[in-house]
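Written out below as structure tokens is the structure these notes cover.
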Amino acid sequence: MQFILWVALPYAAIAVFIVGHIWRYRYDKFGWTTRSSQTYENRLLRWGSPMFHFGILMVIAGHVVGLLIPREWLYAIGISEEIYHIGATVLGTAAAVLTLAGLAILIYRRRTVGPVFLATTVMDKVMYVFLGATLLFGTAATVVHQVFGGGFHYRETVSPWIRSILGFQPQPELMLDVPILFQLHVITAFLLFALWPFTRLVHVFSAPVGYLFRPYVVYRSRDAARPQRPTRRGWDPVKQPDPEKLHKL
């Protein structure tokens, strides 16, 4: 069971994540979209969407720093364990609350607004379940162990395990003594990654980055010195029919 959870499941999820996106992009480009429902309802979306997206970006940034960057590297630039713990706890909790609040608004909107609910697919519902479970388990683990508990040093267990998986040298023994909330958070996260290519979450990889590097659009004013063509009307007014011609008909 330990091998399945901490070796087989991560690699299977990563493989499905990569292959699934390649397959989806090749054979379902038309479906590669968020299926925006903004035209159905905008008031709740205006609040929920920014809260969720800004919050999840903060969550992702925190996970990148906490899981992928060794703590020795942070020590080298002057970030001590105490500073990191305070920053991760305070900012992590704030990001989690913002993300969960935004997600709650989006789910409420999708459930209560008729046209949005009718546009919701089965995969949307499954995605919301696993996304919500991942966020809830992660938030619960932070609150129970980091805020009100004695603190759990996940950078000595979960972080090295993640890096061992990515380095193709898995060390499942690092996860044996990890608290259950952290374990559930990791498991649901990898299940979410496996579902990712088959949901609307693919739009994450469709960010308009090219817009930042597109060429300028050059607008040229008319040269007053050059002769201009006369402006032609696009339509002519309808004239009243000639009574004499109508009488002859």
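Just a few scattered comments:
- Rg followed by Dmax, in Å, when segment 91-156 is reduced to its Cα trace: 15.1, 48
- Local net charge near residue 151, Cβ-Cβ under 12 Å (Lys/Arg +1, Asp/Glu -1): -2
- Stretch in the chain that is longest and holds no trypsin sites (Lys or Arg not before Pro) that DSSP places in a loop and that have at most 10 other beta carbons within 10 Å: 30-219
- Remark: the residue 81-residue 35 segment gains 12.2 nm on full extension, using 0.36 nm per residue and subtracting the alpha carbon distance.
- More than 17 Å apart - percent of Cα-Cα pairs taken over segment 45-103: 43
- Above 15 Å, the calculated P(r) of segment 5-90 contains 77 percent of its Cα-Cα pairs.
- Computed [θ] at 222 nm, deg cm²/dmol, the chain (DSSP H ≥ 4; -39,500 (n - 2.57); rounded to nearest 500): -17500 deg cm²/dmol
- With N the number of residues in the chain, Rg(Cα) / (2.2 N^0.38 Å) evaluates to 1.55.
- Exposed-site-free run, longest, the chain (rule: chymotrypsin sites (Phe, Trp or Tyr not before Pro); DSSP loop; at most 10 other C-beta within 10 Å): 31-147
- Two tests apply to each whole DSSP H helix in the chain, Cα reach of 18 Å or more along its axis and mean Kyte-Doolittle hydropathy of at least 0.0, and the ones passing both are 9-27, 43-63, 81-112, 122-141, 180-195.
- Per residue, the average separation of C-alpha pairs within less than 8 Å and at least 6 apart gives the chain a relative contact order of 31 percent.
- Cα centroid separation, segment 155-188 to segment 44-95 (Å): 19
- Accessible area per residue for segment 1-104, computed on protein heavy atoms with a 1.4 Å probe, is 65 Å².
- Here the chain exposes an accessible surface that is 68 percent carbon and sulfur, computed with a 1.4 Å probe and the other protein chains kept in place.
- P(r) for segment 33-140, from all Cα pairs and a bin width of 5 Å, is 2, 11, 18, 20, 15, 11, 8, 6, 5, 3, 1 %, short bins first.
- Available extension along the chain between residue 104 and residue 204 is 34.0 nm, counting 0.36 nm per residue and deducting the alpha carbon span.
- Estimated from the Cβ-Cβ distance and a Förster radius of 25 angstrom, the FRET efficiency linking residue 18 and residue 156 is about 0.30.
The values are calculated or read from the model by the stated rules, or taken from the named source; none is laboratory data. Remember, it's a predicted structure, so these values are computed and weren't measured experimentally. With ideal geometry, Cβ positions are generated from the backbone for all residues, glycine too; neighbour counts draw on all protein chains shown. SASA here: full protein model, heavy atoms, side chains in, ligands and nucleic acids out. Shrake-Rupley method; radii C 1.70, N 1.55, O 1.52, S 1.80 Å.
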